[in-house]
Every structure is written in C-alpha cells, then in structure tokens.
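Working notes, structure below.
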Amino acid sequence: MIVFFCEKMDGIDGRMSEWRGEQHRVASQVVVYESVAPKNYHGDATRRFHSYAPHLRDFIKSFNKKKNSILVGGVDVSFPTDESEESIAVYAILEFTFDNNDDVKISTIATDVENRVVYRSHKFFYPSVPYIPSYLAFRENDPLCELISSQIEKQPSLKPDVIMVDGNGQWHERRAGIACFVGVKTGIPTIGVGKTFYSLDGYLSKEHVLSLIRSSVESWYREHVNHESPVEKRRHRRCASGDIGMPRWVLIVDSHPISCTQDEDERLLATQDKSSPTCSKIKHATIQDMLKELHTIARGLAIPMQDDKGETLAYALVGHGGNQSNRDESGTKTPIYVSVGSHISSEDAVSLCALLSYVRIPEPVREADLYGRQVLREKGKK
C-alpha cells in the first residue's frame, strides 16, 4: 500500500506547476452571468435581506406551455479507503416538473415540485493521482466528463439544463474547482455544491463560519420580528398552516458577508446587530425556532462568501430543505456552500439549490450519491 501510494506521488511536485497553469486557464474561461432580477425587500426597513427566485427560462431552453419541466444532472465521485481499489464516478439526471400557469412569471408557478430519475450511469476507474487539496479536479474531471459526453451522444434529448457537482466551483483559491472544470469542458451550466467548508486562506475556519452563519440568522430573525408588517404576518401564518404554498424564493443577505479580508473578531462583530431592541420572543428563540419561522417565508437564507479581494465567490445556504409537505419542518441548520461552476449567475445557483432540496443536499447530487452507494454495495456482494 505504501509502495503503491509512493509510486503515484512520484513526479507530482513537478506536475503541480502545470496543474496550476491549467487551473488559471479554466478560471479564465468560466462564464458568470450577472443577475438582472430586481431586489424585493419584502418590508425589510434596513434593506439588508432581499428575496430572489431563479429564472427558469434561463435553463429551460424550449420552455412553453407544453413543457414545464427542467432537467438537472448531478455528479459525484466516491473513493475507497484502499488506494488499490477502483473508485466510482456517478451521473444522474432528474426531471423536475412544475405546475405552471404562466410561462414567464416565476411567481405564478406553484410551489409543489415533483421529480423523477430519467437517467443514471456510472464508471469505475483508478485515480491517476492521489488526493491533493485544491487539485481535486485532476482526479475527478475526466471520468465525470466522459459520463456526461456519453449520455449526450447516446440520449441527446436528455441533455441537462444544468448540472450540480459534488464539490466547489469558483470557491477555490484559483477560482477553478471541479464544477468549473466540468462547466468549461461541457459548456453546460454547472453549480458547485460543497458539503463541507473549504478555507481559501487557511485562516477562515469552519467553526467561525458557522458562528457567522448563526449570527446572520439571528440578525434576520431580529428584523423579521421587529419590522414584519401585518399583511406579511397573515401571509406567513397561512403558509405555515398549509393554506397557501411556500414561496419559491431564497433570502439573500446584502450586508456583512463572510469575508477573507477580516480577522475573526471583526467578522463576528460585523454580523452582530445591536440596533434593534431585543424582545422576549427574540431573546428566548433557539436556532430551530428561527429557521422554522424562516421556512414559512423562504426556501433558505444565503450568506455571501467573499475572497480577499472582496468579490463574492459563493453563498453559504442554511434553512433550506425540510419536508415540504410538513409545515412544522424548519429546514436544515447545517449549511452547504454553493458556488458558480460556469454559465450561470451566483444568485440562480444558490436559489436552484434551495428550490431543489428536500433535505440538506440538493436532490440531483443526493441521487448521484445514493446511486453510487447502491452500485458499490452490489459490487461488494459479487
């Protein structure tokens, strides 16, 4: 085992310089769309939180009254603990169908979203290089793109409108995560879905990010309790009781991003809002209480994540998921980290992830993961 690993490490140092050059090349070819949607503040007097709903027309290329669905792919790679065994790349495509009364206005589309798996494939392979942080794409890109290319060639009618990748996109020190490689190579809109936090600078820790996310949730809840209008309160009560459907938008934080340019104390102080009075409801609320309230008005809360240049490269998404048929669910308190791969806006990326999440992980990525586990179990029985 040690010999096998050392053989693969031989010559890696010399190749890493070439890989960095390839990452810069891919990053230069990433296409990030600008969001043109107006910001709706829904009565937020401080104008620090706005709602955003994805523009499905951008993805449904033949959108009309006869087609009210979207094809979303999910890709994942699993590696064994034993380096001498095969890894598996997995590709799944789900069709999400919306109840559509108007093919233009997203607000008129019903909130119930159904899905079905229309395609699945996998590929066993031996990684050509070992795992090296920030160079994941050089282990995963080729088998994933081969699966996608094969599907488009064999069943072009199922070419996905967007692909969600298990891994980061632009949230990468050279802005070239695995989702960027897949997006640039295939030309299909791609979204990076990070299940765990990845530190760009080595200083911004997972623990501090989670503290900042909680502070953002508390800040929203304080504004919600103190400034919500009577009309909004009635609507939220009807939504909570199931009388009307859940809104399709996600709330996006406009201030106090998670930033690599601040030290830990500055980051935490920036998110703590002392301007509004603390009533009893706020003082005694748990994070589950806050997210339960959030779940009645939005699909989740997205906090921008910025690099050392102050540019937003990702969103931390929390409060999404939850059983949509059960209005008592609060959504998850464990975040995912969403970034652009290519050919999509960051707002559409995070909104689609929230919209297509029944649990913490968006369904396309979760289906790919579950299918991969199933294949490995069946292989182990042989």
Open item on the list: List pairs: first residue in region 199-212 and within 18 Å of Gln170 (Cα to Cα), second residue open to solvent by 70 Å² or more (accessible area, probe 1.4 Å) anywhere in the structure, Cβ distance under 6 angstrom, at least six positions apart or on different chains.
Closed with: Leu200/Glu173
Open item on the list: I'm checking my understanding of the structure. Among residues of region 346-368 that are among the charged types (D, E, K, R) and surrounded by 20 or more Cβ atoms within 10 Å (Cβ to Cβ), which one is farthest from His320 (Cα to Cα)?
Closed with: Glu367
Open item on the list: Condition (residue is touching a strand residue (DSSP E or B) at 6+ places or on another chain (Cβ under 8 Å), at pLDDT 95 or above, within 15 Å of Val30 (Cα to Cα) and hydroxyl-bearing (Ser, Thr, Tyr)) applied to region 174-190: is it met by at least one residue?
Closed with: yes
Task: Boolean, Lys283 is modelled with pLDDT of 85 or more and surrounded by fewer than 15 Cβ atoms within 10 Å (Cβ to Cβ) - done: no
Task: Residues satisfying the stated conditions in region 350-364, i.e. in contact with a Gly (Cβ under 8 Å, 6 or more places away or on another chain) and either polar (S, T, N, Q) or farther than 13 Å from Tyr337 by Cα (or both) - done: Ser357, Tyr358, Val359, Glu363, Pro364
- [ ] Looking at (1) at pLDDT below 90; (2) in contact with an Asp or Glu (Cβ under 8 Å, 6 or more places away or on another chain), find the lone condition where Val193 falls short.
- [x] (1)
Task: Subset tally (residues that are more than 14 Å from the chain's Cα centre (by Cα) and under 19 Å from Ile132 (Cα atoms)) for region 156-204 - done: 12
Task: region 137-151, residues that are touching a helix residue (DSSP H, G or I) at 6+ places or on another chain (Cβ under 8 Å) and open to solvent by 50 Å² or more (accessible area, probe 1.4 Å) - done: Ser149
- [ ] Kindly list the number of the only condition in (1) at pLDDT 75 or above; (2) open to solvent by 60 Å² or more (accessible area, probe 1.4 Å) that fails for Ala27.
- [x] (2)
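The values are calculated or read from the model by the stated rules, or taken from the named source; none is laboratory data. Every value quoted in this text rests on a predicted model; they were computed, and no experiment measured them. Every residue, glycine among them, receives a Cβ derived from its backbone with ideal geometry; neighbour counts consider all protein chains shown. Keep in mind that these areas ignore ligands, DNA and RNA; they rest on the heavy atoms of the full protein, side chains included. Shrake-Rupley method; radii C 1.70, N 1.55, O 1.52, S 1.80 Å.
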